[in-house]
Each structure stands twice: as C-alpha cells, then as structure tokens.
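The block underneath contains the structure these notes are about, expressed in structure tokens.
The values are calculated or read from the model by the stated rules, or taken from the named source; none is laboratory data. All values derive from a computational prediction rather than experimental measurement. Heads up, the Cβs are rebuilt from the backbone with ideal geometry, glycines too, and the neighbour counts pull from every protein chain shown.
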Amino acid sequence: MSAAPLYILGIDTSCDDTGVGIVELTAGGVQVRANRIWTQAVHAQYGGVMPELASREHVERIDAVMGDALAEAGLKVSDIGAVAATSGPGLVGALLVGLMYGKGLAQALDVPFFAAHHLEGHIFAAASEDNLQAPYLALVVSGGHTHLFDVPEEGRYVLVGATRDDAAGEAFDKIARLSGLGYPGGPAIAEAALRGNPDAVPFKEPLQGQKAFEFSFSGLKTAALLAHKAGAAPEDLAASFQKAAVHVLVKTTRRAAEAYGRRTVVVSGGVAANTALREAFARTDLRVVFPGKGLNTDNGAMIALAGAAALRAGRAPSSLAAGATAYAPLANG
C-alpha cells in the first residue's frame, strides 16, 4: 500500500453501546486513533437490554459519538478513506442504525464500505495488540457470545466449541440481578467478589468429563438461584460464581489449545476485562493476548480494525445492499 496513511472509521451498534472508532492503516501496521463509546444507561432499570430503546438511543446519539471520535483523532470527516460497520450478529433494529449510517457516510465520501462481522471485530481487537499472526485460538466471551475458534490462517475460522445455553456474560448479568448487585453484571460481580468468599458456595463444574470443548452456564445459574434462596450472601455468591465460571472457561480453552496444537490464545469480549479471568490465564503455560484498554466491550475501533484487516487482505468492499442479520455464524473453515 502507499506510504500515506489511510483512516478507517468503524461503527458498532449491535446491542446497547453506540461505538465509533478510527484506526490509521499504514505499510507499517495499524494504530487506533480514536475509540468513542456511548453506553446506554436506560437499560439498568430493566436489568437487561430493551431492543426498541436501544435502537432509538443509537439514532439519537450516533452523530455526536462520531463527532467525538473525529475530534479525538484530530481529523475531519473528509479525511476518512474507508468505512466499516457491524452487519451482524446482534439486535437487528440496533444494527440497522449503524449499518445504514455507515453506508450513507461511505457513499457520501465515495470511499469503500465494509460490512463487518461482530465476532471478527472482537478477535481483531486483541490480535491487533501484538500484530498477531495466525495460527492461534480465539475465545470470544461476552454478554451475547461464548465461542471458541481455531484460526489456522488469516480470515479462516473453525468453530471449536460454544455455549449450549447462556453466554458467560449473560450469566454474570442474571446472577448480578438475582443478587441485587446491579447492571451490567460483569463489573458488579467482579467488584462484589473482592469482598466475598470464593469457596462459600460449592458450584458443580458444568460438562465435567466432556471430550468436546463446549460451555454451559445454565446449571451455574440454577445453582446460584438455589444458593440465593438458601441465604447466601451476595458477595459470597458473586465470588463463588466468578471462580466457577473462570475455571471452566480456562480449563476448556487449555484443553482445546492442547488438542489443536496452539500455544497462543486470543481472549476478547466484555468478559475478557475480568481480572480473575486474566489472572487465571496468566497462570497457564499459554501465550494469552487480550484487547487493549477500551477494546474489550463492544466498540467501533474493533470494527475499524476488521475493516483494516479486510483492506490488507485485498478483500473487495461490501455491497451497499448488505443487510443486517441477527444470526451470523463466523465459522467458515
């Protein structure tokens, strides 16, 4: 590519965060220049995301968030050389806000547009930290996803395992709500766990003895409900659940790494910000790469990074007819 930098703007409105990010792509690599996120507080009163309210708030906020991202990067909108926006998976109404905004911006600027996969964005959020090259394993663990992929080569994803029921982050949210700890559940559980006894509530390990690499959190959720009814303190319940969830995530990933012969693992998504999870992976013999600051949760910079990867790989831009989809498997290998 030319020596002149190319600025790529990424948009993510897949759920309840309005994210706009900008990355700078040069022959030497890619660098995040801006990452602005508007986190919607309206959902806290419901203990979960209300899709219609999320869509409305994206419409109201996206202009301002883009303006903030351009200001952070020190750029004008005319400096943008490509646009990427999440097309799925996610809440369709919410996705459409960012997708249509991104298409309109790309068309107005006459620059390439890329419809990005949300999970691929999460993976690139971590992989870009060390300019990581395949092969590696990728664990995407968030409020809506718990997926484990083998990445044997750039752009190729083989699904190794996934949750049979709740995503890990969803379980954190539900148990935090059950315990009266607040929303979102991930930070609330992590904070309460610091004051609790991780051995107070004995959780049974899900799918113990399995030969596959699947996850399940519904049993932990049910056990938490029973413990709560039995009078377990919220802090003890938080600490014990966090210990059990972290254990199964790390154990299953380690087994998969051994089976696939991978020494490097990317861990991304909102739950990747959990300190106990990071510390547990640090105690393994794996090279584990996490996203940089601000790139764990849903954000626009990770989508801009996915757009940069598409450009570097020589992928053709997406059609402006590309639509939003709630269910979009990433596996293609």
Hey, Ala85 in the same structural domain as Ala306 (by TED's automatic domain parsing), in contact (Cβ under 8 Å) with a residue 24 or more places away in the chain, closer than 19 Å to Asn299 by Cα and over 22 Å from the mean Cα position of the chain (by Cα) or not: no
The listed residue being at pLDDT 95 or above and part of a loop (DSSP other than H, G, I, E, B), out of Ala280, Ala324, Ala328, Ala272: Ala324
The lone exception for Gly300 - which of (1) outside the structural domain of Asp166 (by TED's automatic domain parsing); (2) over 15 Å from the mean Cα position of the chain (by Cα) it fails: (2)
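Where residues in region 101-110 are buried (at least 18 other Cβ atoms within 10 Å of the Cβ) and of a type in the set (A, V, I, L, M), which of them is farthest from Met66 (Cα to Cα)? Please lay out each step first, then the result.
Just the residues of region 101-110 that are buried (at least 18 other Cβ atoms within 10 Å of the Cβ), to begin with: 101-103, 105-106.
With of a type in the set (A, V, I, L, M) added as a condition, the list becomes 105-106.
Working: Leu105: 11, Ala106: 14 Å.
Here the answer is Ala106.
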Conditions (1) hydrophobic (A, V, I, L, M, F, W, C); (2) surrounded by fewer than 21 Cβ atoms within 10 Å (Cβ to Cβ); (3) closer than 19 Å to Thr146 by Cα: number failed by Ala233: (3)
Count of residues meeting criterion [in contact with a Phe, Trp or Tyr (Cβ under 8 Å, 6 or more places away or on another chain) and among the small types (Gly, Ala, Ser)] in region 115-142: 3
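Considering each of Val141, Val158 in turn, give the residue that is among the β-branched types (Val, Ile, Thr) and surrounded by fewer than 21 Cβ atoms within 10 Å (Cβ to Cβ). First the steps, then the outcome.
Working: Val141 fails: surrounded by fewer than 21 Cβ atoms within 10 Å (Cβ to Cβ).
The conditions single out Val158.
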When residues of region 182-216 are limited to those that are out of contact with any helix residue (DSSP H, G or I) (no Cβ under 7 Å at 6 or more places or on another chain) and of a type in the set (A, V, I, L, M, F, W, C), the one farthest from Ala227 (Cα to Cα): Ala212
Qualifying residue in region 251-267 (condition: surrounded by fewer than 20 Cβ atoms within 10 Å (Cβ to Cβ), β-branched (Val, Ile, Thr) and in contact (Cβ under 8 Å) with a residue 24 or more places away in the chain): yes
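Go over the candidates His43, His58 one by one and state the one that is part of a helix (DSSP H, G or I), in contact (Cβ under 8 Å) with a residue 60 or more places away in the chain and not polar (S, T, N, Q). Reasoning before the result, please.
Details: His58 fails: in contact (Cβ under 8 Å) with a residue 60 or more places away in the chain.
It is His43.
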Members of region 184-196 that are surrounded by fewer than 16 Cβ atoms within 10 Å (Cβ to Cβ) and either outside the structural domain of Ala171 (by TED's automatic domain parsing) or more than 26 Å from the chain's Cα centre (by Cα) (or both): Arg195
Hits in region 111-128 - residues which are over 15 Å from the mean Cα position of the chain (by Cα) and surrounded by fewer than 24 Cβ atoms within 10 Å (Cβ to Cβ): Val111, Pro112, Phe113
Test: residue in region 296-305 that is under 21 Å from Gln242 (Cα atoms) and not acidic (Asp, Glu): yes
Some residue of region 303-321 being closer than 18 Å to Leu119 by Cβ, surrounded by fewer than 24 Cβ atoms within 10 Å (Cβ to Cβ), polar (S, T, N, Q) and at pLDDT 95 or above: yes
Flag if Gly294 is outside any loop (DSSP other than H, G, I, E, B) and touching a residue at least 60 places away in the same chain (Cβ under 8 Å): no
Residue in region 196-213 that is part of a helix (DSSP H, G or I) and not aromatic (Phe, Trp, Tyr) present: no
